[in-house]
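**Student:** Structure provided below as structure tokens; questions to follow.
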Amino acid sequence: MNAISPLRADDAEGVRHVLAIYQQAIEPSEQKPAARLAAHIADPRYLTVVSRDAAGAVSGFALMAFLAGDRFWLLEYIAIRQDQRAHGAGAALFNAAADAARRRAPGALCVLEVDQPHAPKTAGNDPVRRLKFYRNLGCRKIGGLSYLLPLDHAGAPPPMQLLIHGRADETALAHEDVSDIVRALYTEVYAQAGDDPRIAAMLAPNAGRAFALEPL
């Protein structure tokens with residue numbers, strides 16, 4: 001089992017390994033510029049945990065953003081080095097990241113941005129396989145919300161959806177909570193305006209009603 005621990009911003013080699021895994025494993029249209037990702041690692045609003053192989057090299061990472069006064073946290077990116085995939089490495093890293101987030105912000109809701117199942121499959125992005133991974137971890141989707149990822153660094157992102165992890169006893173999220181989540185993502189993670197018209201467009205189909213939490 002690989003060791004998992006927080007990544008220090010002054011660990012230059014560790015940051016370099018994270019950036020290499022990021023650029024290899026994440027769909028290009030869903031990536032931010034490398035310099036921005038490195039800045040997130042040093043930002044106190046973020047937390048990065050890494051797994052390390054037997055030689056001590058970074059074999060995977062999870063980057064989390066804490067939003068809206070720690071009401072929510074976004075598992076923004078999670079990726080495993082190609083030679084370390086399978087055998088439970090991704091699930092172990094996800095669970096370690098969730099544990100670290102719970103210690104930092106008890107009671108905060110975990111949110112994930114994930115491709116819809118019909119999004120195009122590419123060499124580095126298999127939406128169906130990814131959704132199966134999150135389903136096995138107990139994630140559910142916010143039903144009725146077609147999420148627009150506000151990135152254009154490397155072309156238009158594929159169709160997206162928002163997932164949550166935890167709160168197994170709840171079957172829906174209030175419209176206000178989903179509105180707050182989307183607005184926090186846009187303003188705090190992607191530096192977009194709080195009145196960005198895409199926010200209203202995403203929320204309009206539910207017209208004030210609660211959003212059901214649905215199985216993947």
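**Student:** Looking only at residues that are surrounded by fewer than 17 Cβ atoms within 10 Å (Cβ to Cβ) and under 15 Å from GLU176 (Cβ atoms) in region 186-209, which one is modelled with the lowest pLDDT?
**Tutor:** Among residues in region 186-209 that are surrounded by fewer than 17 Cβ atoms within 10 Å (Cβ to Cβ) and under 15 Å from GLU176 (Cβ atoms), the one modelled with the lowest pLDDT is GLY208.
**Student:** From the set of residues in region 172-202 that are of a type in the set (A, V, I, L, M, F, W, C), under 20 Å from the mean Cα position of the chain (by Cα) and in a helix (DSSP H, G or I), which is nearest to ILE142 (Cα to Cα)?
**Tutor:** The extreme case among them is VAL178.
**Student:** State whether one or more residues within region 103-126 are over 21 Å from ASP180 (Cα atoms) and touching a Phe, Trp or Tyr at 6+ places or on another chain (Cβ under 7 Å).
**Tutor:** Within region 103-126 (the criterion being over 21 Å from ASP180 (Cα atoms) and touching a Phe, Trp or Tyr at 6+ places or on another chain (Cβ under 7 Å)), the answer is no, since none of the residues qualifies.
**Student:** Next question. Could you tell me which of the residues ALA89, ALA3, ALA54, ALA97 is modelled with pLDDT of 95 or more, over 21 Å from LEU149 (Cα atoms), out of contact with any helix residue (DSSP H, G or I) (no Cβ under 6 Å at 6 or more places or on another chain) and not polar (S, T, N, Q)?
**Tutor:** ALA97
**Student:** Next question, about the same structure. So, in region 68-85, of the ones that are modelled with pLDDT of 95 or more and not aliphatic (A, V, I, L, M), which residue ends up surrounded by the fewest Cβ atoms within 10 Å (Cβ to Cβ)?
**Tutor:** GLY69
**Student:** All but one of (1) touching a strand residue (DSSP E or B) at 6+ places or on another chain (Cβ under 8 Å); (2) at pLDDT 95 or above hold for PRO159, so report the exception by its number.
**Tutor:** (2)
**Student:** Identify all residues within region 40-76 that are without any contact (Cβ under 8 Å) to a residue 40 or more places away in the chain and at positive phi; write none if there are none.
**Tutor:** Residues satisfying the conditions are GLY56, GLY69, ASP70.
**Student:** What is the residue count in region 96-139 for residues that are closer than 18 Å to LEU63 by Cα, without any contact (Cβ under 8 Å) to a residue 40 or more places away in the chain and not acidic (Asp, Glu)?
**Tutor:** Selection size over region 96-139: 5.
**Student:** Would you be able to say whether some residue in region 29-39 is touching a strand residue (DSSP E or B) at 6+ places or on another chain (Cβ under 7 Å), crowded, with 20+ Cβ neighbours inside 10 Å and either of a type in the set (Ser, Thr, Tyr) or at negative phi (or both)? Quick ask: steps written out before the conclusion?
**Tutor:** Narrowing region 29-39 to residues touching a strand residue (DSSP E or B) at 6+ places or on another chain (Cβ under 7 Å): 29, 31-33.
Checking which are crowded, with 20+ Cβ neighbours inside 10 Å leaves us with none.
Looking for residues that are touching a strand residue (DSSP E or B) at 6+ places or on another chain (Cβ under 7 Å), crowded, with 20+ Cβ neighbours inside 10 Å and either of a type in the set (Ser, Thr, Tyr) or at negative phi (or both), one finds none in region 29-39, hence no.
**Student:** Run ILE21 past the list (1) aliphatic (A, V, I, L, M); (2) within 28 Å of PRO106 (Cβ to Cβ); (3) surrounded by 15 or more Cβ atoms within 10 Å (Cβ to Cβ) and report the number of the one that doesn't hold.
**Tutor:** Only one criterion in (1) aliphatic (A, V, I, L, M); (2) within 28 Å of PRO106 (Cβ to Cβ); (3) surrounded by 15 or more Cβ atoms within 10 Å (Cβ to Cβ) is unmet by ILE21, namely (2).
The values are calculated or read from the model by the stated rules, or taken from the named source; none is laboratory data. Being a predicted model, the structure only gives us computed values, none of them experimental. Neighbour counts run over all protein chains shown; Cβ positions are idealised from the backbone, glycine included.
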